[in-house]
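Attaching a single structure in structure tokens format; questions to follow.
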Amino acid sequence: MSRYDAAETDDRDADGHEADGDAAGGEAAGTERTFAALPPARGRGFAQTWWGRAWLTALEGTALDAQQLKAGRGLARAGAVGAVSVRPGRITAVVQDRDRTAHRADVLLQELSDEQWNRFLGMAVERAGHVAALLDREMPPHLVEDAESAGVELLPGLGDLEPECDCGAWDHCGHTAALCYQVALLLDQDPFVLFLLRGRGERALLDALRSHAGTHPEKRSRPEGVDAAEAFAAGGIRPGLPAAPPLPAAPGVPPSLDTDGPPPAGIDPSALGFLAARTSAQARHLLAEALRDGHERQPVEPDPTAAQDAVRLAAGDPARAVADRLAAGSGRGREGLAVAIRAWRQGGTAALAVLDEEWTVDAEALARARAALDSAWAEGDEGERPVLRARANRWTVVGAPVQLRLGRDGRWWPYRKERGRWVPAGGAAQDPATALASARAELHAGRTA
């Protein structure tokens with residue numbers, strides 16, 4: 001039994017189901033449930049399940065005034081929402097303002113028609129797992145997807161939650177928002193609350209499912225899936241893959257972490273918000289790479305290490321406190337992290353490896369490198385050829401604060417010395433002369449700046 005079941009005042013039989021009533025009869029017996037008011041609950045999320053979050057998305061994506069949503073969260077957390085009445089098409093509660101003024105708040109959701117219920121029942125009985133999940137007080141995602149395929153929208157969409165309040169607001173006010181946040185808690189515990197809102201109570205819905213299954217024995221007994229012989233025979237006529245999804249114009253915006261209450265110990269909301277934003281940006285970057293022509297022929301890059309990922313995050317220009325944590329966590333310190341960020345922006349993990357790694361070039365790779373160096377200045381004036389001093393995979397120009405570094409992929413990376421530290425001076429190039437020109441150009445720009 002959930003913590004809400006003990007507070008309900010609707011009629012239940014010995015099995016815990018709703019008492020018999022008119023399945024589509026509005027406020028007839030057995031089609032209204034009342035949940036007692038909850039105590040204040042600061043610092044706790046309003047929705048833990050995916051369907052509870054979908055309910056809040058319908059609210060937050062529609063309300064025109066973010067301040068009213070914030071006020072509603074505050075009222076709900078403060079325990080200002082009274083007993084919640086749920087019946088087909090409507091939820092109702094009395095909500096008290098901070099000055100103790102009481103307002104009746106209602107939120108309306110359109111009921112499903114008889115035709116829609118029939119389509120839903122016909123779909124649900126074909127998959128025994130849907131019914132089993134509902135009996136466990138869960139809302140399987142496939143049930144919602146299958147219902148949508150049958151033309152039945154179970155969860156509310158944007159604009160589906162219609163507010164009514166005696167405070168006179170024409171849009172969602174703090175009172176109706178508080179009611180919606182409270183109902184998200186109820187939905188987390190019992191998805192049958194949603195079905196009641198759509199027009200069918202728990203007992204009526206389960207009875208209808210059993211009755212519908214009895215009239216379709218062939219569907220009930222048919223195993224799920226496709227016969228192996230049928231699948232094999234269709235192998236040569238399978239349709240092609242769908243078109244690739246379009247690349248979003250910009251990364252998605254993470255949800256607000258404003259909870260009107262103090263965060264738990266050790267949690268920095270600004271750091272969490274930054275991580276969410278960088279995750280969204282990285283997801284868009286990976287999608288862009290996947291959609292690029294020839295991507296399927298590129299080798300799969302290994303996942304970055306924790307130290308490398310700290311540099312990636314720091315390249316997103318976090319707040320000072322977050323940057324200091326990344327500098328400490330990466331083991332580089334503040335100045336070292338700044339240099340690593342420059343390398344990352346030039347070429348990601350490959351550029352970072354060139355910054356950090358000094359490795360001995362094997363004989364074959366060394367021969368190719370020397371041949372590339374010889375050919376780079378073969379046709380020019382001999383006086384233009386730099387004098388290079390080699391050590392491992394690094395060639396430093398004698399008498400000048402510039403350097404070439406050879407990456408493990410055979411590309412050359414330009415470096416220059418800045419305040420006694422070697423720093424990246426440009427992107428990689430196949431030709432060492434091009435890379436060296438980049439290093440000299442940036443060195444000159446730095447001196448004239």
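Readers should treat all values here as calculations from the given coordinates under stated rules, not as data from a laboratory. No experiment lies behind these values; they were computed from the predicted model shown. As a convention, Cβ positions derive from the backbone with ideal geometry for all residues, glycine included, and neighbour counts pool all protein chains shown.
Measuring from centroid to centroid over Cα atoms, what is the spacing of the stretch 298-358 and the stretch 154-195 in Å?
Taking the Cα centre of each part, the stretch 298-358 and the stretch 154-195 sit 44 Å apart.
In the stretch 265-349, with Lys and Arg counted as +1 and Asp and Glu as -1 at Cβ, which of these residues, A276, V300, A323, has the Cα nearest the positive end of the dipole, that is, farthest along it?
About the Cα centre, the residue reaching furthest to the positive side is A323.
Ordered by packing density, taken as the mean number of other Cβ atoms within 10 Å over each peptide's residues, highest first, how do 330-341, 65-76 rank?
On the way: 330-341: 17.1, 65-76: 19.5.
Result, highest mean Cβ count within 10 Å first: 65-76, 330-341.
Which FRET efficiency, nearest 0.05, do E145 and D324 yield, Cβ-Cβ r, R0 30 Å? Mind showing how you got there, number by number?
Numbers: r = 45 Å, r/R0 = 1.50.
In this case the efficiency is close to 0.10.
Another question, if that's okay. Going toward the positive end of the dipole of the stretch 79-122, with +1 on Lys and Arg Cβ and -1 on Asp and Glu Cβ, which of L121, V86, H103 do you reach last?
The Cα lying farthest towards the positive end belongs to H103.
Taking a quarter of the surface of the Cα convex hull of the stretch 69-221, what do you get in nm²?
Values: hull surface 37.3 nm².
With the hull built on Cα positions only, its mean projection is 9.3 nm².
For the stretch 291-449, I need the span (max minus min coordinate) of the C-alpha atoms along each principal axis, in Å, sorted largest to smallest.
52, 43, 30
Could you tell me the calculated FRET efficiency between R334 and A290, based on Cβ-Cβ distance and R0 = 35 angstrom, to the nearest 0.05? Walk me through the numbers before you get to the answer.
On the way: r = 35 Å, r/R0 = 0.99.
It comes out at approximately 0.50.
Counting Lys and Arg as +1 and Asp and Glu as -1, what is the net charge of the other residues whose Cβ lies under 11 Å from the Cβ of R53? Present the calculation step by step, with values, prior to reporting the outcome.
On the way: positive: none; negative: E60, D188.
Here the count lands on -2.
Is there a quick way to get the dipole size of the stretch 44-196? I mean about its Cα centre, with the Cβ of Lys and Arg at +1 and of Asp and Glu at -1; what is the value in debye to the nearest 20? Don't skip to the answer; put the middle values down first.
Details: 13 positive and 22 negative charges, 147 e Å.
Around 700 debye, computed over the stretch 44-196.
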